[in-house]
Amino acid sequence: MPTYTAPGVYIEEVPSSQKVLSAAPTAVAAFVGFTEKAPNDDPNDPEGLAPRLVTSWSQFEALYGSFTPGAMLPISVYGYFQNGGSVAYICRVPNTEPAGEPAKLALPAADRSLGSPLQIESVEPDADITVQVASDEVGDDDAPSFTVTIVEGGKAVESFPGLTLGAGDTNAATVINKTSTKIKVTLDLAKDADLASQLELMKTGSFTLEKAAPKPVPVTGRKFAGSESSRRGINGLAVAEDVTIVVIPDLVTAATGPDGTVDLGLWKAVQTSLITHCELNGNRMAILDAPPGMTVQQIKEWRSDTAMYDSAYATLYYPWIKIENPLPTNGDAEIYVPPSGHIAGVWARTDETRGVWKAPANDTIRGCLDVELAITQNEQGLLNPIGINCIRPFGTRGIRIWGARTLASDSDWRYINVRRLFNMVESTIMSGTQYAVFEPNDTTLWEGVSRTLTGFLRGLWSAGALFGASADQAFYVKCDSETNPPESIDEGKLVVEVGISPVKPAEFVIFRISQQKQIAG
C-alpha cells in the first residue's frame, strides 16, 4: 500500500484480477518437403532449411520458386491457399546436390543469323556469375570494341575493357583467358560475316551463366525427421510454436523408386516420426496421405496390418485427388496428387467460417477435378471405423470430404474437431494465464483465474463450441481450497480443474419412419 504523508486527493489504479483470453490460432499449417530453390533471405541459413513463414502463394514463389518436376510440396501449398489457408510455414528438405560442372553461357548475337560470338563458362563449378557486356565509346578512327564485366555476389569482381573479336592483343578470348580467375571464353565467329559486323551486332546487356541441373540424391527417413537443434525437417518445426497442422506431401517423391514402386517401409517410418512430433508438441495434428494406387482392400489391410497407427493427433485421408497439372509440358494435362495440402486448406476454411469445433467434413475441395478411386457407401463402411477419412464424389453436390475421424482407438478422441478444440483451449489457457506465475497463491488469485477461464469458456459455449442447454452443463472451472490444499501451495502449485463438453459431429443421421395404420372408428 502507498504511504500518504500530506493532505490531498489521491488516485490508485487497481489492476483487475480478471483477464481476457484470446483464442489461440488454430489454422497454421506447416509443409515439409522439396522446393524448386532454397530461399536466400538469411545469410546464417544459406541452404534455406529452417522454417519460413509465408502468407500467400506469391510470397512462397518469391522465396522457394514455383512448381517444379520432382517436388509435390509447391502443388500442396498452392492447394492450401486455394482452399482457404492463409498462414503456413515451409520447411525445405534438400533432395538435390550441385552438379559439380561449370556454369555456361552462349552469349547471343543481336542478329540470330550470326550465331553466338562468345562461349563463356565458369572456372569454378556451379558458380553464380553474371556477365555484363557493353559497347565502348570510341573515336571515329578507332575500331569498335566492348567491355566485359564479371559480377559475383552482386558486386563487380573483374572488368575487361577494349576487347575485340579480331586477332591481336585485344582479342576477347586472349585477354580474358590470360587473366580472369572467374571465366573462360571461346570465340565462335560466323564464317560468312566480317568481324566488324559481328562486333556491331553483338548483343549487349546483363547475362547470367546457366548452371547444370542439380543431381537428385536419396532422402531418408532421418532427413525428413531432421533435428530441433539444427532447425531442420519435421523436428525443426519446434521453433514455429503456432503451427497446428503438419503435412508431408513429398513423402511420395522420396518413397517412389525408379521403377515406380513405393517404399512402404519409408512411408511408415516418416509418418511415424510426424505423429510422434505432433504428440510431443501437443498442440498440432498430422494430416497423413494414404499411399498411392491402393484399392479399398489394400488400404484397409495397410492401415490395420502394416501402419497400425493409434493416435489422436493424426488423421488419414483416402484416396488421392485429381487436379490440373501445373506443368502440362512435362506430362498429362491432369495429375493425381496427395490430398493433404488441400485438406489443410479446408480445415483452415472451416475454422474461419464456422470455428475449430466444427468437423472439417461434408465440404468440397477447391481445385479437385476427380478422385483416384470412387468409394461406395459399403466400402466406406469398412474404412470409416478404422479412421480412414474418405474423399467421395456426390454428383451435383461435388467431391466432398466424407469423414472426420482421427486415428485414435480411444473413443474420447474419435473426432478431429474434438481433439483440435481441446488443443485450442489448452493453448489459450497456457498462454493466457502466464500472468498468474509468481502471484500470491491465495483466494484472490483463485477467484481471478476462475473468472478469467469462465469468461473464455462462456464465450465458446455461446458460439456453439460446447454442448449443453446452459453454461453449467457445457463446462465448469474449479479453483479453490479443495484443488489447492496447503501442501500443494507449499510446493508452489496453483491447480485449476477445467471440464468442457465438446460438440461432436452428427456422423450418422438416422430417420425412423413407420407406417401408421388408420383405425376405423
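Every number here is computed from the coordinates shown, using simple stated rules; none is lab data. From a predicted model like this one, the values you see are computed outputs, not experimental measurements. Positions of Cβ are backbone-derived with ideal geometry, glycine not excepted, and every protein chain shown enters the neighbour counts.
Ranked by the mean number of other Cβ atoms within 10 Å per residue, highest first, peptides 146-159, 238-251 order as 238-251, 146-159. Phi-derived couplings, Karplus 6.51 cos²θ - 1.76 cosθ + 1.60 at θ = phi - 60°, listed residue by residue for the stretch 495-503: 10, 10, 9, 10, x, 10, 10, x, 7 Hz, with x used for Gly and Pro. The alpha-carbon of K182 sits under 13 angstrom from the alpha-carbons of these aspartates and glutamates, leaving out residues fewer than 8 places away in its chain: E121, E124, D126, D128, E152, E158. Label sites at D242 and E101, each approximated as a point 7 angstrom past Cα along Cα to Cβ, lie 4.4 nm apart.
Here the stretch 69-94 is scanned for amide nitrogen atoms under 17 Å from the site 7 Å beyond the Cα of L327 along Cα-to-Cβ, giving 69-79, 93-94. Here the relative contact order of the chain, from alpha carbon pairs under 8 Å that lie six or more residues apart, stands at 15 percent. Taking Cβ atoms as reference points and 15 Å as the exclusive limit, the residues near E426 contribute a net charge of -2, counting Lys and Arg as +1 and Asp and Glu as -1. Per residue, the chain reaches -7500 deg cm²/dmol at 222 nm when only DSSP H runs of four or more residues are counted, each adding -39500 (n - 2.57). Between the entries (1) 24.8; (2) 47.0; (3) 23.6, the label attached to mean projected area of the Cα convex hull in nm² calculated for this structure is (2). Annotation: amide H-H contacts under 5 Å for T406 (H modelled 1.01 Å from N, sequence separation of 5 or more, or interchain): Y415, I416.
Rounded, prolate or oblate: which one fits the stretch 283-391, using the alpha carbon gyration tensor with axes a ≥ b ≥ c (rounded when a/c is under 1.5, else prolate when a/b beats b/c, else oblate)? Because a/c hits 1.5 or more and a/b fails to exceed b/c, the stretch 283-391 counts as oblate.
Taking square-rooted eigenvalues a ≥ b ≥ c of the alpha carbon gyration tensor, is the stretch 209-340 rounded, prolate or oblate, where a/c under 1.5 means rounded and, failing that, a/b exceeding b/c means prolate? Oblate is the answer for the stretch 209-340, as a/c is 1.5 or above yet b/c matches or exceeds a/b. Working note: Karplus 6.51/-1.76/1.60 with θ = phi - 60° gives the stretch 295-308 the couplings 6, 4, 5, 5, 5, 5, 5, 5, 5, 7, 9, 10, 5, 6 Hz, where Gly and Pro are set to x.
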